[in-house]
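These notes concern the structure reproduced below.
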Ligand SMILES: [Zn+2]
């Protein structure tokens, strides 16, 4: 361990913290330059750090790169506390094989989706990534008699929690006990999946925002209802298994009238403007309020989480029919703030290659 400290110390001295961050400030948006420097640093550190530590180094450096612009006066302090303080106290103190904290990522700059494959190489660089373009040139048409079984989808829970996690607005029940939460089966899913949370992706403008696209068409927002396979005890276990998650995706389209079914969520948004805040939703409601009236037609494929670590564990369902949201309602999503105090908007990943995967368009009959 002492050797590691000594080596890290000499690396940090060699880097010269202040110059390091001045460099990044000058070329904050020249991503290629960032990556070149990052690669040089990482090459040095690769010698002394094992893979999990490597991830932390990448993440903490890129985190600081990202925060240089909003907080330039703190850059030196930030650098010292981050590189000098973080390493000895946190990274070097933990077992390199047992780090479970999700490192920093975002939707722009050097922690944005373009860099996820290099920042989170374990999965984000995989060949079964999400979202994808749901293109009728690629899909196989299927009919099925396996009707949806949406158990407890019409139950109004006693309590729902709405959270701003810095990336999205997420709503959960207070229990994840699979005997109490809604669950979904049928729809050619095969297994039964228990509800864990739902959240949204949206654009800065109404011409974008969805993660999946329909024949190239983007929607202003997309809702994801995340469920985990009941054969596993917790979502934490399920996220490590190929058949672990089932996500139901619903597109949102702009309408002139408010969607009253979304009102409890829209009202809740104003209570969680700051990143990492959470509140009890004033008016709990059943999940069935969020599904399109007609769920009989949907796309199905095997893909991934659309945020790091991009685990390839998701059986995706994206309904062909959408629900509506008014312009005033979608504006409320854009008022949320991330950890840097910027508005949360354009929080979607761009479509990923299909890479020969089976894409089914299923019609229930
Ligand atoms: Zn999502």
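Brief remarks follow.
- Over all projection directions, the Cα-based convex hull of region 166-251 averages an area of 6.7 nm².
- Of interest is the spacing of the C-alpha centroids, which for region 208-222 and region 119-186 amounts to 17 Å.
- Gyration tensor over alpha-carbon atoms, region 133-364, equivalent ellipsoid semi-axes in Å: 25, 21, 17
- Full-stretch length increase - residue 283, residue 346 - with 0.36 nm per residue and alpha-carbon distance subtracted: 19.9 nm
- Whole-number D in µm² s⁻¹ for region 248-335, Kirkwood Cα-pair radius fed into Stokes-Einstein, 20 °C, 1.002 mPa s: 144
- For region 192-324, Kirkwood radius (reciprocal of mean inverse C-alpha pair distance, Å): 15.9
Here, each number is a calculation from the coordinates, and none is a lab measurement. If you're wondering where the values come from, they're calculated on a predicted model, not measured in any experiment.
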